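Everything on this sheet refers to the single structure shown next.
A short reminder: the numbers here are calculations on the coordinates, not readings from a lab. Keep in mind that this is a model prediction, so the values were computed, not measured. Ideal geometry is used to build each Cβ from the backbone, glycine not excepted, and the neighbour counts take in all protein chains shown.
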Amino acid sequence: MKHELNQVLLNSKSRIGADISRWQEGWGGDGLKVALEDPTAIIPMIKDAGLLGLGGSGYPAYKKWQAISEQTSSEKYLICNGNEDEPGTFKDRVLLEETPLQVIEGASIAAIACGITNIIFYINPNLDSCIKMMETAVEKWQQSGFYESIQGAGLLMDYKVVASTGHYIAGEETAAIEAVEGSFPFPRGKEPRPTTAGVFGRPTLVNNVETLSNVPHIMRNGVKWFHDLGIKDASGTKLYSLSGDVLSPGVFELPMGTTLEDLIYTYGQGLLVGKKLKAVFTGGPSNTILTGESLDVNLDFNSVQLKRAALGTGAMIVVSQGTGIVKRVAQYMDFFADASCGQCPSCKTGTYYMSQLLNKIDTGKGSKADLDNLVNLCSILPGSGRCHLLEGAVKVVDSSLYHFFNEYTDALKHEFNQLDNAQ
């Protein structure tokens, strides 16, 4: 049965672009008003609501906010990360283009809670319409009574829209910091954390567009309301990017914890005519695979993890029977090999080597030794790079080996047939 939901982030009333008057007629600005009444209550509310990082990590949002708020620096930064660039992931661009004012409101509330003075909307340059819309929205915001109310509370905030370098790796939080500083987006080491030393050495909060978009609604409606939106133990809603072999691909805002079956067959209206489900790449190519045996899984971070998978960004790429998994994974690995920034030798050479092995196996030129090498790389490469790129590349290969090992061995049958003929 289709879940009846009064959508939060993509409510039809909010699809008004940068029209601040129409936005204000609905819920626009109400969350900010609540936040300004008692800024010290913001972080506890975010904690109690259970808001997670929705750019893929699922990390509790309040923990970063708390760490930033405890820093005594007079200058702090917030990067609203909209560098969305992974195949199959397209939720953030919808928010940036259709609901930019709620993004600005959410970022402003986060800044109030953490004592941040500089807000940067960091957007993929390929999303030209999103950049233009955010620039217009920021300009109107700074001319509005909402901005005046922030200033009246003694908070001086500077808003900027910055285009990223366009590299896939530029979405990693420390790489984003490098890009904002004007450098090539090489990811930094794990320490110091951005919450301690980020942009120009100042404490920096990096949050995804979707994460910040939830904030005004939590402030306006309360913790219980947010909890009740989710299914089972999950809270809030989630934007799922559905693509692949489905009749109705798109971005769907649904309760966090909606089942995979409902997403595909109710909201996506099922597979293309005559097609049957084979697999779903979860969270985009840099994650894992689920099969038809897991259609009942609740699409929240914890439930998906119990299926040896990951929710990631919420992107779901549906693959039907007849599609070669090895070929698809090889295509994704080509993407990762090309996207590697080259800073970490294990990533640059590892993704390239895996790409070569996958393409050899897929085209019938691979050997058992090639498959053994691929399996071995999945065990030795994790943890050897600075960012998630290598981890994600390995993860999707490992998941495909787990679920579809027979397809890999079937691709090697020619080798064994040749050996039998030689004997």
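Springs between Cα atoms under 10 Å define the GNM used for the chain, and in it the highest mean-square fluctuation of Gly342, Gly250, Gly322 occurs at Gly322.
Here segment 150-219 and segment 227-264 have alpha carbon centers that stand 27 Å from each other. Projecting the Cα atoms of Pro249, Val304, Pro87 onto the charge dipole of the chain, computed from C-beta unit charges around the Cα centre, puts Val304 farthest toward the positive end.
Look at the dipole of the chain built from charges on Cβ: of Cys344, Ile42, Trp27, the Cα furthest out on the positive end belongs to Cys344. Measuring nothing but how far apart in sequence close Cα pairs (under 8 Å, 6+ apart) lie, relative to its length, the chain scores a relative contact order of 16 percent. Build a GNM of the chain with springs between Cα atoms under 10 Å apart, and of Leu78, Leu229, Leu247 the one that fluctuates most is Leu247. Quick check of the Kirkwood formula: for segment 18-134, what is the inverse mean of 1/r over all pairs of different Cα atoms, in Å? Averaging 1/r across every pair of different Cα atoms and inverting gives 15.3 Å. Overall dimensions of segment 12-227, expressed as equivalent-ellipsoid semi-axes from the Cα gyration tensor (√(5λ), whole Å, largest first), are 24, 20, 17. When you restrict to C-alpha pairs under 8 Å that are six or more residues apart and normalise by the size of segment 230-320, the relative contact order lands at 33 percent. Between 0 and 90 degrees, the angle of helix 325-339 with respect to the longest Cα principal axis of the chain falls at about 50 degrees.
Can you give the FRET efficiency for Phe200 and Lys33, using 1/(1 + (r/R0)^6), R0 = 41 Å, r = Cβ-Cβ distance, to the nearest 0.05? Calculated transfer efficiency: 0.80. Among the listed pairs Lys276/Lys307; Lys64/Lys232; Lys47/Lys238; Lys76/Lys160; Lys278/Lys395; Lys47/Lys140, those with a Cα-Cα distance over 23 Å are Lys64/Lys232; Lys47/Lys140. Rg over Rh for segment 278-423 works out to 0.99, both radii taken from alpha-carbon positions and Rh defined as the Kirkwood radius.
For segment 7-145, averaging the sequence separation of C-alpha pairs within contact (under 8 Å, six or more residues apart) and dividing by the residue count gives a relative contact order of 33 percent. Taken over segment 116-273, the alpha-carbon convex hull comes to 169 cubic angstrom per residue. When DSSP beta bridges are restricted to pairs lying wholly in the chain, around 45% turn out antiparallel.
Helix-only arithmetic for the chain: the sum of -39500 (n - 2.57) across DSSP H runs with n ≥ 4, divided by the residue total, places the mean residue ellipticity at 222 nm at -13500 deg cm²/dmol.
If you run the Gaussian network model on the chain, springs between alpha carbon atoms under 10 Å, then out of Gly257, Gly88, Gly201 the most flexible one is Gly201. Dividing the convex hull volume of the alpha carbon atoms of segment 230-320 by its residue count gives 73 Å³ per residue.
For segment 38-147, a simple Cβ point-charge model (Lys and Arg +1, Asp and Glu -1, everything else neutral) yields a dipole of about 240 debye relative to the Cα centre. Convex hull volume of the C-alpha atoms in segment 180-272, normalised per residue: 169 Å³.
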